[in-house]
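The structure appears below as structure tokens.
All of the numbers you see were taken from the coordinates with simple rules; none came from a lab. All values reported here derive from a predicted model rather than from experimental measurement. Heads up, the Cβs are rebuilt from the backbone with ideal geometry, glycines too, and the neighbour counts pull from every protein chain shown.
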Amino acid sequence: MSVVIRATALAKHFGGLAAVDDVSFEVEAGEIFAIIGPNGAGKTTILNLVSGLLTPTAGRVELLGRDVTAASPAQRCHAGLGRAFQVVQPFPEMTLRENVLVGALFGTPGLSRADAEHRADEALEVTGLTALSAVDAEDLTLMQEKRLEIARALATKPSVLLLDEVMAGLRPAEARDAIGLVKAVRDQGVTIVFIEHVMPVVRDLADRVLVMDHGKVLTEGRYAEVTQDARVIEAYLGKEDAA
Ligand SMILES: Nc1ncnc2c1ncn2[C@@H]1O[C@H](COP(=O)(O)OP(=O)(O)O)[C@@H](O)[C@H]1O
Ligand SMILES: [Mg+2]
């Protein structure tokens, strides 16, 4: 198995706060890898360190065997890293196809218009948006916006896609759609790293789970294993049940 993402002793301090502290993990090609943990555990900060939006205080990020710790987000995108955000921000007055085209063109400098259009149409197909290609992005439902956000990331032809709470705000039926969508993306050969609060979604999707608490890795393993771990129940599930 080849390693797509390797984080080694990653740390990020904000002033006196160790938001991420000595975090190491590996994500293998073809995996669906979940990062879970209570609010403020450092999950989003990890994705920001992996995608290059933040520079680590210490540690290293490798993407497909290459050290990208000092690389910009755009360089990491070109190296195969795609990202969909929790708060979706499409260009409202552009059609879905135009929005996805922007993703294709951004992902590969020098890509011909025809190739970009081909990629955009593929990404729309995988995300089930072909019939809506000509619709303006401002007219979408929340679920359609999430699909568009994933289509835009897919159009950059990523080897690995980072998803930060893409299920947030979805109704149960929509969440089931979204689970199907993430699996469809993985079946295209894309490795997935996702942050998720909804535990049944983690159970249904994740091959492996990294559990964070207060900036540190609490444990890592298969869903059935980590959810039996007393520290995890204490730190995370207990709080969720009490909420
Ligand atoms: N840009 C920032 N400046 C200062 N503190 C931050 C910043 N980003 C995150 N934090 C803090 O770091 C901790 C981890 O945040 P985050 O990674 O967003 O957690 P999670 O995604 O697990 O909820 C929190 O205490 C948060 O308040
Ligand atoms: Mg977060």
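Just a few scattered comments:
- Gap separating the Cα centres of the stretch 17-51 and the stretch 220-237, nearest whole Å: 16
- Leu10 sits among other residues whose Cβ lies under 15 Å from its own Cβ, and their net charge, with Lys and Arg +1 and Asp and Glu -1, is 0.
- Stokes-Einstein D in µm²/s, Kirkwood radius over Cα pairs - the stretch 114-154 at 4 °C with 1.567 mPa s viscosity: 127
- Ranked by how many other beta carbons lie within 10 Å on average, peptides 132-138, 44-50 from highest: 44-50, 132-138
- Among beta bridges that DSSP assigns inside the chain, antiparallel share in %, nearest 5: 55
- Sequence-distant contacts, meaning Cα pairs under 8 Å at least 6 residues apart, place the relative contact order of the chain at 26 percent.
- Per-residue ellipticity at 222 nm from helix content only, as computed over the chain with -39500 (n - 2.57) for each DSSP H run of at least four residues, stands at -10000 deg cm²/dmol.
- Averaging the Cα positions of each part gives two centres, and for the stretch 79-144 and the stretch 187-219 these lie 25 Å apart.
- About its Cα centre, the dipole of the stretch 142-243 is roughly 340 debye, where the only charges are +1 on Lys and Arg Cβ and -1 on Asp and Glu Cβ.
- Equivalent ellipsoid semi-axes - Cα gyration tensor, the chain, angstrom: 29, 21, 15
- Of the cross-linked pairs Lys146/Lys216; Lys12/Lys146; Lys43/Lys146; Lys12/Lys157, those separated by over 24 Å at the C-alpha level are Lys146/Lys216; Lys12/Lys146; Lys12/Lys157.
- Relative contact order, whole percent, for the stretch 49-107 stands at 27, derived from Cα pairs under 8 Å and 6 or more residues apart.
- Compactness relative to 2.2 N^0.38 Å, alpha carbon Rg of the stretch 34-129: 1.25
- Loop-located GluC sites (Glu not before Pro) in the stretch 1-104, at most 14 other Cβ atoms within 10 Å (DSSP): Glu93
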